[in-house]
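Written out below as structure tokens is the structure these notes cover.
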Amino acid sequence: MTDQHSSHGLVQWHGTTIIGVKLGGRTVIAGDGQVSMGNTVMKPNARKVRRIGDGKVIAGFAGATADAFTLFERLERKLEQHRGQLMRAAVELAKDWRTDKYLRNLEALMIVADAEIMLVLTGNGDVLEPEGGVTAIGSGGNYALAAARALVDYETDPEKIARRAMAVAAEVCVFTNDRVTVETI
């Protein structure tokens, strides 16, 4: 995601890299800590990956920070309503996100995972289960994704794959730094 103006003409806060790797019965979501506004680093150590749903779900976001926190809260409520069933909660969130007048203006993407599944959620109503157990979002997402896909045939530890992929993205993407938060489930 690059710096862009919103409909009200103000500069939006964008740029990040989040990667999810599901391998060998473990899932890792990792994200960098950089928050940028235009060409200025506003914060180098933001936590864009966190545990939700009583710690049974890990989630990472790329996009506008306030929007992501709104989505985290909504997803937690959906998890409560659907007894911790991530797929059901994600589908219900995606429906709301696409149809609700307020939510449809939120600018973010999310990777969420529990012990069973990993999903990418978008504001278009998409709930995608990545093929091959690797996915990435954000401005450096394609760099991290390519690095992780290259590593997955040679490395069995999903955390090592995620950390190395994040390092590659941080070397290439100016909106990504090397202050990585990692959560494993």
| said: Filter Lys56/Lys101; Lys43/Lys78; Lys56/Lys78 down to the pairs with a C-alpha to C-alpha distance above 23 Å, please. | reply: Lys56/Lys101; Lys43/Lys78
| query | Normalised by the residues of the stretch 7-87, what does the relative contact order come to in percent, with Cα pairs under 8 Å and at least six apart? | reply | 24
| task | Loop only per DSSP, at most 13 neighbouring Cβ atoms within 10 Å: give me the chymotrypsin sites (Phe, Trp or Tyr not before Pro) in the stretch 115-185, ordered by residue number. | result | Tyr154
| note | The ³J(HN,Hα) series, computed from each phi in the stretch 48-53 with the Karplus coefficients 6.51, -1.76 and 1.60 at θ = phi - 60°, rounded to the nearest Hz and given as x for glycine or proline, is 9, 10, 7, 8, 9, x
| note | Once Lys and Arg are counted +1 and Asp and Glu -1 for all other residues with Cβ under 11 Å from that of Lys48, the total becomes +2
| message | So if I take the alpha carbon set of the stretch 91-185, get Rg, then get Rh from the Kirkwood formula, what is the Rg over Rh ratio? | response | 1.01
| Gyration tensor (alpha-carbon) shape descriptor, the stretch 10-94, a/c threshold 1.5 | oblate
| request: Between beta-carbons, use under 15 Å as the cut-off and find the net charge around Val127, counting Lys and Arg +1, Asp and Glu -1. | output: -2
| field | Per-residue [θ]222 nm for the chain (sum of -39500 (n - 2.57) over DSSP H runs n ≥ 4, rounded to 500) | value | -10000 deg cm²/dmol
| D (Stokes-Einstein, µm²/s), Kirkwood Cα radius, the stretch 13-184, 0.692 mPa s at 37 °C | 210
| request: Figure the gain on full extension for Thr40 and Thr70 (residue separation times 0.36 nm, minus the Cα-Cα span) and round it to one decimal in nm. | output: 8.4 nm
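Here, each number is a calculation from the coordinates, and none is a lab measurement. Quantities reported herein were computed from a predicted structural model and do not represent experimental measurements. Using ideal geometry, Cβ is built from the backbone for each residue, glycine included, and neighbour counts are taken over all protein chains shown.
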